[in-house]
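I have placed the structure first, in the form of structure tokens, so that the comments after it can refer back to it.
The values are calculated or read from the model by the stated rules, or taken from the named source; none is laboratory data. Predicted model only: the values in this text are computed from it and were never measured. Cβ: placed from backbone, ideal geometry, glycine included. Neighbour counts: every protein chain shown.
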């Protein structure tokens with residue numbers, strides 16, 4: 001298995017593999033999204049305290065989880081590239097960043113829309129919201145640093161260091177609702193305890209999370225293919241592939 | 001290790017001493033910025049006291065950012081940074097010496113002036129003491145995180161603004177706890193939880209900041 | 001003692017050179033030749049551990065230099081293009097600091113003698129910013145007079161910006177170092193004769 005990993009570590013070998021994988025993940029994303037939205041908007045019951053406004057949970061929570069998860073994966077790829085000096089790892093990190101930033105923005109925006117009817121305010125400076133905002137700035141800083149450095153290898157390594165330094169922020173976001181008295185509600189879903197919400201709501205939410213996950217993979221694979229073509233544009237195989 | 005730290009600290013302090021205007025300008029900027037806020041927002045005493053801690057902290061943050069180019073850029077330009085990377089001394093000790101010198105010439109003067117600005121904002125004596133403590137603990141964090149930003153953007157076009165964009169989000173926890181300590185003291189609450197969190201931040205940024213700065217310098221001079 | 005195997009270098013997406021191997025033992029000299037832009041400085045920086053090669057590795061006494069870090073720095077002296085002299089410090093202070101960075105112990109009298117040898121003894125107490133380009137190079141090279149115990153010297157264009165006296169002085173220093181069992185790798189456009197136990201030539205750029 002490791003020899004297979006090793007083979008696909010070269011951009012040239014990974015390019016066609018990624019191309020074959022994209023349709024599967026894209027279809028999965030569409031299916032999960034359709035199922036999740038159906039459950040979320042037609043099957044799950046009205047919430048006792050929040051009424052219909054709560055349904056934004058089916059966008060907000062998947063977006064928030066993906067924003068943190070993608071950052072960790074991105075930092076992981078970046079760190080791998082730093083240690084092993086591989087080109088593809090840096091390209092994967094570059095491919096993930098815009099999607100991660102988008103989900104972070106979506107989480108903040110959907111959260112604001114949810115906050116207005118339930119808390120009476122679009123924004124409050126509590127620990128969770130502030131650290132999620134910092135996460136958005138970290139993504140944007142990562143992208144900005146990569147754009148600013150001309151040499152792609154140096155850009156990969158510098159932004160990898162930045163990503164790793166920012167990893168500290170992710171546990172802060174996740175645990176902020178436990179460590180501080182925040183306006184944001186505490187965790188309703190845990191790996192160890194029973195969930196504190198109706199089964200159908202949970203199902204809808206998890207389906208949307210899976211949809212977001214499949215979408216992220218599909219989009220990142222498509223993006224990394226474009227990055228590969230751009231970075232390896234002097235290689236013979238690229239000239240043949242593009243011709 | 002200690003010898004390398006002391007030797008670099010002494011050298012950077014010597015250079016800073018011979019270019020006094022650099023440090024003086026940073027202090028002046030701090031004072032001006034902190035004085036601009038009441039002019040901009042209206043001068044009611046209650047309002048001013050409430051925002052004093054935050055304004056002083058943001059001013060210290062911006063002033064520290066302005067002084068970051070001094071940290072590595074000059075040495076990178078004349079080739080001395082390169083010599084530090086091929087030296088017989090551990091890079092971490094040398095970089096620590098440079099960051100310590102940066103704090104002594106930037107952060108420490110800012111910290112000592114902050115209570116005076118706090119007076120301008122009408123903060124009472126015990127809040128001023130908390131402010132001093134918070135800025136004393138917090139400015140090394142700014143120097144350490146700033147060093148990472150400065151190292152990552154060495155020689156890059158638009159390095160000043162880019163370093164600021166990278167550094168400011170990472171400095172937000174220091175800002176929150178530092179200003180929060182003073183606000184707590186103003187409300188009659190105990191500021192020590194904020195101060196201890198700030199201390200923990202200092203410990204974490206000491207480890208991460210040194211590692212990241214050294215790694216970023218090696219990348220920048222590759 | 002110094003072993004470089006199959007080094008390859010890329011700069012700005014372009015491959016400068018590949019498959020370069022060097023092996024140096026005590027008393028050996030390696031001259032790196034090539035036209036401008038062929039990667040001479042990059043090769044020297046790879047040997048110094050500043051630049052990571054795209055392929056290949058450099059070993060010092062059998063250990064990869066990446067693992068050795070400052071241990072390698074203590075046994076190697078690198079003088080690059082930039083003279084690494086701070087304008088705000090005096091010539092004497094600059095020399096003292098660079099010696100301590102390199103782990104070379106030298107008393108005040110020895111440092112003075114080194115500056116005299118390179119012809120800048122009279123400028124010892126002047127701030128380096130008033131020196132000419134050639135004089136700053138001499139400050140950087142003054143280290144060589146005290147670095148006899150550092151086995152490996154990596155010198156990038158050591159004769160550049162020097163007059164005849166300066167060139168003669170540096171040539172003597174390098175020759176003495178080689179004769180005493182030291183090693184050197186240098187790049188130079190000029191054909192300065194140097195005697196060594198073995199002279200390796202590394203030709204880049206074609």
### Query
Any idea which residue in segment C:62-90 is nearest to the other protein chains (Cβ to nearest Cβ), counting only those that are under 19 Å from the mean Cα position of the chain (by Cα), within 24 Å of residue B:16 (Cβ to Cβ) and buried (at least 19 other Cβ atoms within 10 Å of the Cβ)?
C:84
### Message
Yes or no: segment B:69-78 includes at least one residue that is away from every other protein chain (no Cβ under 14 Å), modelled with pLDDT under 90, surrounded by fewer than 24 Cβ atoms within 10 Å (Cβ to Cβ) and out of contact with any strand residue (DSSP E or B) (no Cβ under 7 Å at 6 or more places or on another chain).
### Response
yes
### Candidates A:140, A:135 - the one that is part of a helix (DSSP H, G or I), surrounded by fewer than 24 Cβ atoms within 10 Å (Cβ to Cβ) and more than 7 Å from chain B (Cβ to nearest Cβ)
A:140
### Options B:188, B:199, B:149, B:160: the member that is crowded, with 20+ Cβ neighbours inside 10 Å and closer than 25 Å to residue B:114 by Cβ
B:149
### Task
With the checklist (1) over 16 Å from the mean Cα position of the chain (by Cα); (2) within 18 Å of residue A:63 (Cβ to Cβ); (3) crowded, with 16+ Cβ neighbours inside 10 Å in hand, flag the one item residue A:116 doesn't pass.
(3)
### Task
Among residues belonging to segment C:161-183 that are in contact (Cβ under 8 Å) with a residue 60 or more places away in the chain and part of a loop (DSSP other than H, G, I, E, B), point out the one that is nearest to residue C:79 (Cα to Cα).
C:182
#### Entry: Condition check for residue A:200: modelled with pLDDT under 80, surrounded by fewer than 20 Cβ atoms within 10 Å (Cβ to Cβ) and over 30 Å from residue A:83 (Cβ atoms)
no
### Task
Could you check residue B:155 against (1) assigned to a helix (DSSP H, G or I); (2) in contact (Cβ under 8 Å) with a residue 40 or more places away in the chain and say which number it fails?
(1)
#### Entry: Test result for residue B:86, buried (at least 23 other Cβ atoms within 10 Å of the Cβ), within 14 Å of chain C (Cβ to nearest Cβ), more than 30 Å from residue B:41 (Cα to Cα) and touching a residue at least 60 places away in the same chain (Cβ under 8 Å)
no
### Message
Within segment C:1-61, considering only strands (runs of 3 or more DSSP E) that don't extend past its boundaries, which have at least 2 residues that are within 14 Å of another protein chain (Cβ to nearest Cβ)?
### Response
C:2-11, C:14-24, C:55-60
### Message
If the requirement is being touching a helix residue (DSSP H, G or I) at 6+ places or on another chain (Cβ under 7 Å), more than 14 Å from chain C (Cβ to nearest Cβ), outside any loop (DSSP other than H, G, I, E, B) and over 27 Å from residue B:216 (Cα atoms), which of these qualifies: B:150, B:174, B:179?
### Response
B:179
### Residue satisfying condition, being touching a residue at least 60 places away in the same chain (Cβ under 8 Å) and over 19 Å from residue C:77 (Cβ atoms), within set C:198, C:147, C:122
C:198
### Message
Testing residue B:55 on (1) within 21 Å of the chain's Cα centre (by Cα); (2) within 14 Å of chain C (Cβ to nearest Cβ), one condition comes back false. Which one is that?
### Response
(2)
